[in-house]
Ligand SMILES: C[S@@+](CC[C@H](N)C(=O)[O-])C[C@H]1O[C@@H](n2cnc3c(N)ncnc32)[C@H](O)[C@@H]1O
């Protein structure tokens, strides 16, 4: 069937499809983003060789349409990302936030650090975090030596620490690329030579993340719309994800993030995002143009 034979999307069909997408993943398509939604729906509908938006909707809500539904959601996500995105915020993370978290944990002899990159796209964010954690830990132990010898050569993370960076997304194809960890010169734009030399292997015209960095990061599928999200995190990064949700969904998500964090844990959101007006359970930490939010604990 040719494009011309497909009847135009009606207002009622648009509403049904918008509601379905919102219910499945929290993404909200306002008037400004409706043309994008319409374009992606038409592409998928043609791919499935269907003749109307309503029959496509029927497919999506059917048992056999599960795979097509996740394919549609993949087509609707915006996956733009980069290494060292929002440098001022990452400085705050590396210098102040990590220092505070490591110091408090070391006092309790808890040597585990768990960071979650929620909506990690093709992996630049969690790999940036891994490189920054490795550097911060080496520097931390220059100033606060552990009371025992470290093996030679030095591991990425000094014993007895265990670092786990969980990186998740709703889009399987970006997760596959992230797991692969191979980047073009263009994608490496934000990575300076020190980092390239220490943490990447040059493979032809691409840069592959070194094995010891990859070992710190674990990729998994998680839909932020669901209630079952990774718990006991010290720090959560959810940057440039909530901006695609409406306010009600953002509020629900922030509440879930609160529960997914350890006491006094931190959260980072995107440059154009804020927790102000969404919650009063976090306090803002702001230094040198970098912003983070720390969990507020109820007084005992
Ligand atoms: C613009 S990218 C941001 C990547 C990275 N956090 C950064 O700031 O560079 C947004 C990512 O959020 C993911 N995403 C959107 N909705 C999601 C949901 N409901 N659950 C999990 N991930 C979602 C998208 O697939 C996409 O990879």
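The values are calculated or read from the model by the stated rules, or taken from the named source; none is laboratory data. Keep in mind that what you see is a predicted model, and the values were worked out from it rather than measured. With ideal geometry, Cβ positions are generated from the backbone for all residues, glycine too; neighbour counts draw on all protein chains shown.
Residues that are loosely packed, with under 15 Cβ neighbours inside 10 Å number at least 2 in the following strands (runs of 3 or more DSSP E) confined to region 249-300: 261-269, 282-287. Within region 208-248, the residues that satisfy the criterion of being outside any loop (DSSP other than H, G, I, E, B) and within 16 Å of residue 28 (Cα to Cα) are 242, 243, 244, 245, 247, 248. Scanning region 76-85 for residues that are touching a strand residue (DSSP E or B) at 6+ places or on another chain (Cβ under 8 Å) and near the ligand (Cβ under 8 Å from one of its atoms) yields a single hit, 77. Applying the criterion of being surrounded by fewer than 18 Cβ atoms within 10 Å (Cβ to Cβ) and within 16 Å of the ligand (Cβ to nearest atom) to the residues of region 122-176, the residue that is modelled with the highest pLDDT is 176. Given the conditions (1) within 19 Å of residue 290 (Cβ to Cβ); (2) more than 16 Å from the ligand (Cβ to nearest atom), and given that residue 108 satisfies all but one, which numbered condition is not satisfied? Just one mismatch for residue 108, condition (1). Determine whether residue 100 is more than 16 Å from the ligand (Cβ to nearest atom) and within 18 Å of residue 232 (Cα to Cα). In short, yes. Checked against (1) touching a helix residue (DSSP H, G or I) at 6+ places or on another chain (Cβ under 8 Å); (2) within 16 Å of the ligand (Cβ to nearest atom); (3) assigned to a helix (DSSP H, G or I), residue 89 passes all but condition (1). Checked against (1) over 20 Å from residue 168 (Cα atoms); (2) in contact with a strand residue (DSSP E or B) (Cβ under 6 Å, 6 or more places away or on another chain); (3) in contact (Cβ under 8 Å) with a residue 60 or more places away in the chain, residue 275 passes all but a single condition, namely (3).
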